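Beneath this line is the structure, given in structure tokens, with notes to follow.
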Amino acid sequence: MTLDAKAIETLKGVSTATLTTVLLKKGLRNVWIRNAKPIRAGMPRIVGPAFTLRFVPAREDLATPASWGSPISTRAAIEDMPEGAVVVADAMGVSDAGIFGDILCFRMAKKGVAALITDGVMRDAAGVHSTNLPVWCNGVSAPPSVAGLTFVGWQETIGCGGVAVIPGDTIVVDDDGAVVIPQALLEEVLAEAPEQEAMEAWIMTEVDRGVPLPGLYPMNEETKKRYQEFKAKS
């Protein structure tokens, strides 16, 4: 689970909206995690390798408070989380059982976890806010995870918000939500995404000048030539 500093800095300069466009051009339509919304406003764009968690429906003999002390528990998983990881938790969209509260989030923050993303909900909202752990989720709920979920493992392929996530995939998350970049496509995305951002920034300056959209976005050949001339002078 490594992602070099240069790759992180490059992707911090690329919006998730741009990334979905770049990945769409490569044939990937399902890369945006549904129902993962920022728990508070003003969080920075975050980039990191995926560390996955998996919950399944609650089963009464397994989903008990006693399970929190077992070897397969969210507590054990948190101790395996490396600094800089983006934790992605498959909670199956369950909205009436919070997967984590303030104590667990505080431990994650202390370990240097970059962010937590889930299609489920949190609990202890005020306490979670106080930990300063960046969280994207689908809301809050008072009951604990075992009221509706059983934790079964970590660092395996999961489905979160309708998206397949494999440990080590690159996650980029911002105000528009979380996008998954498959490991096999990371180098291509790193090469192409900054150019997409630069091109769209130039298009915005053209819109500001009053240039009509037809032929500008998307670019026709004449506009491409003007853009290349702009790049050559920059």
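The values are calculated or read from the model by the stated rules, or taken from the named source; none is laboratory data. Note that the structure is a prediction, hence the values are computed from the model and not measured. We place every Cβ from the backbone using ideal geometry, glycine too, and count neighbours over all the protein chains shown. Note: areas computed on protein heavy atoms with side chains; ligands, DNA, RNA excluded. Shrake-Rupley method; radii C 1.70, N 1.55, O 1.52, S 1.80 Å.
Atom-type composition of the exposed protein surface of the stretch 155-231 places 57 percent of the accessible area on carbon and sulfur (1.4 angstrom probe). Each Cα pair under 8 Å and six or more residues apart adds its separation to the average, and for the chain the resulting relative contact order is 29 percent. With the simple spin-label model, which puts each label point 7 Å out from Cα in the Cβ direction, the Thr157 to Ala76 separation comes to 2.3 nm.
Using a cutoff of 8 angstrom between alpha carbon atoms and counting only pairs six or more residues apart, the relative contact order for the stretch 89-177 works out to 34 percent.
Over the stretch 64-181, accessible surface divided per residue gives 36 Å², non-protein components excluded, 1.4 Å probe. Measuring nothing but how far apart in sequence close Cα pairs (under 8 Å, 6+ apart) lie, relative to its length, the stretch 1-114 scores a relative contact order of 29 percent.
For trypsin sites (Lys or Arg not before Pro), the sites in the stretch 163-234 that DSSP calls loop and that have at most 16 other Cβ atoms within 10 Å are Arg209. Only one of (i) 134; (ii) 125; (iii) 111 was calculated from the structure for volume of the Cα convex hull per residue in Å³, and its label is (i).
Length gained on full extension, Asp4 to Thr205, computed as 0.36 nm times the residue gap minus the Cα-Cα distance: 69.1 nm.
Label the stretch 122-172 by shape, choosing from rounded, prolate and oblate, from the square roots a ≥ b ≥ c of the eigenvalues of the Cα gyration tensor; if a/c is under 1.5 it is rounded, and otherwise prolate applies when a/b is larger than b/c, oblate when it is not. It comes out oblate by the Cα gyration axes. Once you sort the root eigenvalues of the Cα gyration tensor of the stretch 100-234 as a ≥ b ≥ c, which label holds: rounded (a/c under 1.5), prolate (a/b larger than b/c) or oblate (the other case)? Since a/c reaches 1.5 and a/b is larger than b/c, the shape of the stretch 100-234 is classed as prolate. Here's the list of lysines a cross-link from Lys12 could span, going by alpha-carbon distance under 27 Å and ignoring same-chain residues fewer than 8 apart: Lys25, Lys26, Lys37, Lys110, Lys111, Lys224, Lys231, Lys233.
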